[in-house]
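Enquirer: To start, I am sharing the structure in question, which I have written as structure tokens.
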Amino acid sequence: MGDRDAGEDRRTDPDPRSWAGSIRTIEWRDGVVVMIDQRRLPLEEVYVTCRTWQELADSICNMTVRGAPALGVAAAMGMALAARTALAAAGSDPTRFRASLQDATKGLFATRPTAYNLPWALREMEAVWKRDDLAPSEVAAGMERLALKTYEDDLASCRTIGENGAELIRGESPVILTHCNAGALATAGYGTALGVVRSVFARNPRLHVLVDETRPLLQGARLTAWELTREGISMELITDNMAGYFMRKGVITHAVVGADRITANGDVANKVGTYGVSVLAREHGIPFIVAAPFSTVDLSLHDGDDIPIEERDASEVTGYRSERWAPYGVRVRNPAFDVTPAGNVSAIVTERGVARAPYENSLRELGARR
Ligand code: MRU
């Protein structure tokens, strides 16, 4: 696999504020998947077109598209692409058709291990293509419909998460700390943690946001800062190690983050550095709020120790893009996520409602709701 085949379309917007609120992260367009290249933001706005599931899998691996809910949408669209090409190659031979879809499922599953939305979406798609009462053409059409529904549902969920979360942000002049990017770019649109920010801002324009830059890939500095500035939401960028300083000063009123996987006991895997923020928030009595769609909740795992944590390339730590600052030969650790224990989490905001401790009970109750 290599991303050389994915097509590129460059466009620049003379006034980025003109399309505030309409960030197009990923779209299904007439049988291809178009996504904004998140590696190039905020300096360049480039769109990549994926025509096969392999191209789409590359785009996940190389972080063109990222963020747990967006990965779920991408995986669903990748399977819809796989169904199209399998139909063209295998015609009405159901065995060959389903064998191709099995390969695509395995390939997409192997792209990134931590975000639960990805295997969740693959399982939803599997429920369609494993139906042996459907002909390949019916399966392909059904998978396309389900991919579009996954996109629409995520968008709707984010808006509801935003409204549910906004209820928890008290005070006349709240200051929210965020980590990584849990915004429109990490979802079908609107965002989870930034969905809460957007909903609070709609009610109270005095809202201010402190944005952790989020080493090593700078999703906060590049992506969250881009989203918030284009919408005119007051924000300041800080380095990750400044969060404690601002908490001790009494500046931060709430921490709101997204999640990549939440286990049955309420442990939360999110971008590395989130755990540190939660410890600081607890020390300073600041509410630590997690915002995520229910497709991030993995009730099959009891606690966070069982969550697979992705280890990424050393080059992300020894430098950034083409610049290198660490000595050659240095040994590096690079876990992309960490686990925040449920005890540090004040609330988990989902589209189904808000879960509170004990999470074993509240998450199971939300799981039973539809
Ligand atoms: O490695 P990334 O950029 O995919 O990590 C993303 C995060 O950790 C986000 O905070 C998380 O997926 C929540 S997105 C709504």
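Quick note: the coordinates plus some simple rules give every number you see, no bench work behind them. Note that this is a predicted model, so its numbers are computed, not measured.
Enquirer: With the Cα gyration tensor of the chain in hand, convert its eigenvalues to equivalent ellipsoid semi-axes via √(5λ) and list them largest first in whole Å.
Expert: Each semi-axis is the square root of five times an eigenvalue, giving 33, 23, 20 Å.
Enquirer: Still on this structure, I have one more. Let a ≥ b ≥ c be the square roots of the eigenvalues of the Cα gyration tensor of the stretch 168-367; is it rounded (a/c under 1.5), or, if not, prolate (a/b larger than b/c) or oblate?
Expert: Oblate, since a/c reaches 1.5 and b/c is not below a/b.
Enquirer: Need one number for the stretch 92-220: average projected area of the convex hull over its C-alpha atoms, nm².
Expert: Averaged projected area of the stretch 92-220's Cα convex hull equals 9.4 nm².
Enquirer: Can you work out the Karplus-derived ³J(HN,Hα) for every residue in the stretch 86-98? Use 6.51 cos²θ - 1.76 cosθ + 1.60 with θ = phi - 60°, whole Hz, and x for glycine or proline.
Expert: Running phi through 6.51 cos²θ - 1.76 cosθ + 1.60 with θ = phi - 60° gives 5, 5, 5, 7, 9, x, 9, 7, x, 5, 5, 4, 6 Hz.
Enquirer: What are the principal axis extents of the Cα atoms in the stretch 77-127, in Å, biggest first?
Expert: So the three principal-axis extents are 35, 18, 16 Å.
Enquirer: So what is the calculated 222 nm ellipticity per residue for the chain, using -39500 (n - 2.57) for each DSSP H run with n of 4 or more, over all residues, to the nearest 500 deg cm²/dmol?
Expert: -12000 deg cm²/dmol
Enquirer: Sticking with this one: Show me, for the stretch 117-127, the HN-Hα J-couplings you get by feeding each phi into the Karplus relation (A = 6.51, B = -1.76, C = 1.60, θ = phi - 60°), rounded to Hz, glycine and proline as x.
Expert: Values per residue, Gly and Pro as x: 4, 5, x, 4, 5, 5, 5, 4, 5, 4, 4 Hz.
Enquirer: Which three numbers, in whole Å and largest first, are the semi-axes of the equivalent ellipsoid of the stretch 11-158 derived from its Cα gyration tensor as √(5λ)?
Expert: After scaling each eigenvalue by five and taking roots: 28, 15, 14 Å.
Enquirer: How fast does the stretch 53-102 diffuse by Stokes-Einstein, in µm²/s, taking the Kirkwood radius from C-alpha pairs at 10 °C and 1.306 mPa s?
Expert: After rounding, the answer is 139 µm²/s.
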